[in-house]
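Worksheet: one structure, shown below.
Laboratory data are not the source of any read-out in this text; all were calculated from the coordinates shown. In this text, all values refer to a predicted model and were calculated from it rather than measured experimentally.
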Amino acid sequence: MENAKLEHADKLRVELDDSHGVPVVRARGEIDLYNVATLEEKLQEALSKDNDALVVDLSKVAYLDSSGLSALISAYKNLDVRGGRLYVIAPPQSYAVRRVLEITRVHEFISVCDSIEAISSDPAKQSTSDQ
């Protein structure tokens, strides 16, 4: 079991940076039960900055399971309580990830965008009607 965790941990890279004053968590690889803690740590680090918005870029993610979905929903709830917004970047080319967000109806309350450029420079004011 420990070997499986180590193997899966190598399949995910997560970085935190900033775009126009908004934290951006960028993930690359596969998000599953074995490595979701890596994503959760970066989400918590970003949420600790007390911004009104958070962007999670999943454009380079090939696989997202229910544990990754749970991490996104948790971040959404944390932001929603304080009047903030969560934006997830999942372009049409990220079909597997986008499909999970649609099947589970997460896209109905989390703003799913095609690119970071699709989010205005003030994400807290961005409308989700088109996304």
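Running Debye on the range 2-119 with equal point scatterers at the Cα sites and no solvent, what base-10 log of I(q)/I(0) appears at q = 0.15 Å⁻¹? Values, matching the q order: -0.59. Just to be sure I understand: of the beta bridges DSSP finds with both ends in the range 2-119, what percent are antiparallel, rounded to 5? Just about 35 percent of them are antiparallel. Taking each residue as 0.36 nm, the span from Ile103 to Asp50 lengthens on full extension beyond its C-alpha to C-alpha distance by 16.1 nm. One chain, two ends: Ser115 and His20. Fully extended at 0.36 nm per residue, the span grows by 32.7 nm beyond their Cα-Cα distance.
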